[in-house]
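Shown next, in structure tokens, is the structure this report addresses.
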Amino acid sequence: MTEDQATDVLYPVPERLLDPTQCPEPYISSMEQYQEMYRESLDNPDQFFGKLATELLSWSKPFHTVRHGGLHHGDVAWFLEGQLNAAYNCVDRHAFATPEKIAIIYEADEPNQSENITYGELLRKVCQLAGVLRARGVRKGDTVAIYMPMIPEAAVALLACARIGALHSVVFAGFSSEALRDRIRDAKSRVVITADQGKRGGKTIETKRIVDEAVKECPSVETVLVYERTGADVPMTKGRDVWWGEEASLHPNFTPVEEMNSEDPLFLLYTSGSTGQPKGVVHTTAGYLLGAAATVKYVFDYHPGDIFACMADVGWITGHSYIVYGPLALGATTVIFESIPTYPTPSRYWELIAKHKVTQFYTAPTAIRALRRLGDDWVKDHDLSSLRVLGTVGEPINPEAWHWYNDKVGKNRCAIVDTYWQTETGSNIITPLPGAIPTKAGSATLPFFGIDLAILDPVSGKELIGNDVTGVLAIKRAWPSIARTIYGNHQRFLETYLKPYPGYYFTGDGASRDKDGYIWIRGRVDDVINVSGHRLSTAEIESALIMHHAVAETAVIGAHDEVTGQCIHAFVCLKPGVSKGPAHATDLNKELVIQVRKVIGPFAAPKKIYLVEDLPKTRSGKLMRRILRKIVAGESDSLGDISTLADPSVVEVLIAKVGSS
Ligand code: PRX
């Protein structure tokens, strides 16, 4: 237990946030008000969410039925009969009302190259690209793969798909060509949107080259649309590759939206589960958009005029919900940051905040930890007075990092919102609300509206009632932005999320509810590893390693890491006859790291590789990763029962191996 949990310090809402002379009045400004609204969201969900959906979204045809179906049958549906378009909600309606308002601040890799895009301009860009997609044969229900650097055109690409009812499938640009290939194939995308090159931290990324490699083995791809980010001379395949600029200029800069039903899918986004095969999580138009918009409003207490800066990549759900859909649905100004927190210096974030007068800033614990290590000088002399809400997401935040964020960045006058959620939840589900919920360092605190939480006994599945309990985190009823299915595999959706504990959505995370009812996320209880907030499955990395010709068998685990939260350790058994001598081992280690980078991407590279003779397995052949985790964590004295192992003597050998490396 950490010190903060032991002492249970409760940090009140900073007074400044409740002082109308200093800050706009928070939408929810007391614990009582939160509790009342939360109760209402569970007791009268039709009324609560019906009202919210009418207030926050524009409908071309109103809905009549707020909810249908649920977790029992996996047939969740919201706002039936209603019609709307996400791009209309995020762009048109604001462009009509305030065309000169800034929609996107583009903070380019080089700090002196930032640019503003108004809602009027955004609408024109989105319409032209929608025209290009239509001309290339993309229709409602088709999927479009997007593999882009962090530039405004990434948002334009998402919104152009939404405009014509095509599902975007964004693949994080850190993924390798093989990972991209698999995702293009699984989604059967016929069009890929990309850029010639990317720029990140002063380095050039050969984006188009990666796409070329991927597309070689994707016969379904008919068009590769290339945005000119650097203007480099990249190879273009005739008949397939076209320049974004040239094509867009052929299309009118207004084109009507496709009317979508509430439950029509808006996008799919691949994420890792406990098997090697990534899942294309599907979100729908109305429920998802409402979740994103409602949380920007209440969790980030967004007020008109605020500048919203989420530092995630658009390739992850955080970028979808908190760079693009949430802020734009509310007509906010959103920041697209192309660089890294340490380029050109570790002051980059703080310069960005001061320069653009950012009011809401959202990043990951791993970035906070890395910057904290570099010392306070980098953050000290910047004007951070515009900030009101500081968010974190992606992994548990340790109290030390929480305090540093609160003291050095927030100067103890901002709300810290530790937002817990997942690709599948669509938007924040457990989080403080800035003006209402006192915080504890390291706790995501309390559920958002409509989230009916349960902590279950992992074995019996029984709900653990009351406070001071630990178990697995589940949710008892559907909320608007819950994912509806896995692309092309509904059965897998049911099996992963709804069947483990019937009647509940199973998050895959362990959690405790403390004596005050506050939730503490304990991390994954399945074989998912969280490296710098990037979600990876052990099976995915293992299957990448096993493709190497020298590898017979492998086991991958997540180990604790000071900066990245977790890091990857791989145990590898070589095929008979492969030399294990020290000279060869060094080369092999390098090759294996390259192998993982090639199959998945650089962010999945193992930090440590142990070449071993044998792995701990039960007599029936089941790999006991738990034992490996304990050995690496230095907890060899509490391995538990190892008598079920086929050969318990491997344990001693492994302890010695890990100890000596
Ligand atoms: O383990 C939880 C962790 O990230 C997982 C979800 O990963 P992903 O779908 O990639 O989405 C990340 C961004 C929403 C969760 O199952 N996680 C996310 N937020 C938190 C967290 N763990 C602790 N505290 C959080 N605030």
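The values are calculated or read from the model by the stated rules, or taken from the named source; none is laboratory data. Bear in mind that the values here come from a model prediction, so they are computed numbers and not experimental data. Because the Cβ atoms are built from the backbone with ideal geometry, glycine has one as well, and the counts that use them run over all protein chains shown. The area values use the complete protein model at the heavy-atom level, side chains included, leaving out ligands, DNA and RNA. Shrake-Rupley method; radii C 1.70, N 1.55, O 1.52, S 1.80 Å.
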Residue satisfying all of: in the stretch 515-571; basic (Lys, Arg) and either surrounded by fewer than 17 Cβ atoms within 10 Å (Cβ to Cβ) or at pLDDT 95 or above (or both); nearest to Arg372 (Cα to Cα) among these: Arg522
Residues that are among the aliphatic types (A, V, I, L, M), over 28 Å from Ser386 (Cα atoms) and either modelled with pLDDT under 95 or in a loop (DSSP other than H, G, I, E, B) (or both), drawn from the stretch 1-38: Met1, Ala6
Qualifying positions in the stretch 625-661 - free of Cβ contacts under 8 Å to residues at least 12 places away in the same chain, of a type in the set (D, E, K, R) and open to solvent by less than 70 Å² (accessible area, probe 1.4 Å): Lys630
Among the candidates Leu129, Leu133, Leu123, Leu167, residue that is modelled with pLDDT of 95 or more, in contact with a Pro (Cβ under 6 Å, 6 or more places away or on another chain) and under 24 Å from Leu225 (Cα atoms): Leu167
Residues that are part of a loop (DSSP other than H, G, I, E, B), aliphatic (A, V, I, L, M) and open to solvent by less than 10 Å² (accessible area, probe 1.4 Å), drawn from the stretch 423-450: Ile429, Leu433, Ala436, Ile437, Ala441, Ala444
Asn398 within 13 Å of the ligand (Cβ to nearest atom) and open to solvent by 10 Å² or more (accessible area, probe 1.4 Å): yes
Subset of the stretch 162-200 [within 23 Å of Ala544 (Cβ to Cβ) and acidic (Asp, Glu)]: Glu178, Asp182, Asp186
Spans of strands (runs of 3 or more DSSP E) in the stretch 505-598 with at least 2 residues within 14 Å of the ligand (Cβ to nearest atom) and more than 28 Å from Met311 (Cα to Cα): 505-513
Looking only at the stretch 111-135, and only at residues there that are in contact with a Lys or Arg (Cβ under 8 Å, 6 or more places away or on another chain) and of a type outside the set (Ser, Thr, Tyr), the one that is farthest from Ser169 (Cα to Cα): Pro111
First in the stretch 194-223 and of a type in the set (A, V, I, L, M, F, W, C), second anywhere and in a strand (DSSP E or B) and open to solvent by 40 Å² or more (accessible area, probe 1.4 Å), Cβ under 6 Å, 6 or more apart: Ala195/Tyr227
Some residue of the stretch 129-152 being β-branched (Val, Ile, Thr), farther than 17 Å from Thr194 by Cβ and open to solvent by less than 40 Å² (accessible area, probe 1.4 Å): no
Neighbours by Cβ (under 7 Å, 6+ apart or cross-chain): first from the stretch 312-324, within 11 Å of the ligand (Cβ to nearest atom) and among the hydrophobic types (A, V, I, L, M, F, W, C); second modelled with pLDDT of 95 or more and not in a loop (DSSP other than H, G, I, E, B): Ala312/Thr318; Ala312/Gly319; Ala312/Tyr322; Ala312/Ile323; Ile317/Leu269; Ile317/Thr423
Among the residues listed as Glu107, Glu100, the single one being in contact with a strand residue (DSSP E or B) (Cβ under 6 Å, 6 or more places away or on another chain), over 27 Å from Tyr497 (Cα atoms) and without any contact (Cβ under 8 Å) to a residue 40 or more places away in the chain: Glu100
Long-range neighbours under 8 Å by Cβ, at least six apart or interchain, first residue within 17 Å of Leu473 (Cα to Cα) and within 11 Å of the ligand (Cβ to nearest atom) within the stretch 408-423, second open to solvent by 20 Å² or more (accessible area, probe 1.4 Å) and not in a helix (DSSP H, G or I): Tyr420/Ile521; Thr423/Trp316; Thr423/Arg535
Tally of residues being small (Gly, Ala, Ser) and under 17 Å from His72 (Cα atoms) across the stretch 482-512: 2
Flag for Thr431 being within 9 Å of the ligand (Cβ to nearest atom), in contact with a Pro (Cβ under 7 Å, 6 or more places away or on another chain) and under 25 Å from Val9 (Cβ atoms): no
Residues of the stretch 487-503 that turn out to be more than 14 Å from the ligand (Cβ to nearest atom), open to solvent by less than 40 Å² (accessible area, probe 1.4 Å) and either touching a Ser or Thr at 6+ places or on another chain (Cβ under 6 Å) or among the aromatic types (Phe, Trp, Tyr) (or both), as a count: 2
Hits in the stretch 261-311 - residues which are among the charged types (D, E, K, R), in a helix (DSSP H, G or I) and either within 16 Å of the ligand (Cβ to nearest atom) or in contact with an Asp or Glu (Cβ under 6 Å, 6 or more places away or on another chain) (or both): none
Only listed residue being hydroxyl-bearing (Ser, Thr, Tyr) and either over 24 Å from Val91 (Cβ atoms) or at pLDDT below 95 (or both), chosen from Ser262, Ser272: Ser272
Single condition Gly581 does not satisfy, out of (1) more than 26 Å from the chain's Cα centre (by Cα); (2) farther than 28 Å from Asn398 by Cα; (3) open to solvent by 60 Å² or more (accessible area, probe 1.4 Å): (3)
Checklist (1) buried (at least 19 other Cβ atoms within 10 Å of the Cβ); (2) of a type outside the set (D, E, K, R); (3) within 25 Å of His490 (Cα to Cα) applied to His73, failing item: (1)
Number of the condition not met by Ala570 [criteria: (1) over 17 Å from Ser176 (Cα atoms); (2) of a type outside the set (Val, Ile, Thr); (3) more than 29 Å from the chain's Cα centre (by Cα)]: (3)
Failed item in (1) away from the ligand (no atom under 16 Å from the Cβ); (2) farther than 22 Å from Asp301 by Cβ; (3) open to solvent by 10 Å² or more (accessible area, probe 1.4 Å), with Asp383 passing the rest: (2)
Tabulated pairs, the stretch 503-517, first free of Cβ contacts under 8 Å to residues at least 12 places away in the same chain, second among the hydroxyl-bearing types (Ser, Thr, Tyr) and away from the ligand (no atom under 15 Å from the Cβ), C-beta under 6 angstrom, 6+ apart or interchain: none
Any hit, the stretch 451-467, residues being within 13 Å of the ligand (Cβ to nearest atom), closer than 26 Å to His320 by Cβ and open to solvent by 10 Å² or more (accessible area, probe 1.4 Å): no
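To keep it simple, each residue is scored yes or no on (1) under 29 Å from Arg181 (Cβ atoms); (2) open to solvent by less than 10 Å² (accessible area, probe 1.4 Å).
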residue: Leu268; (1), (2): yes, yes
residue: Leu290; (1), (2): no, yes
residue: Ala294; (1), (2): no, yes
residue: Gly315; (1), (2): yes, yes
residue: Gly319; (1), (2): yes, yes
residue: Ile323; (1), (2): yes, yes
residue: Ala332; (1), (2): no, yes
residue: Ile336; (1), (2): yes, yes
residue: Pro344; (1), (2): no, no
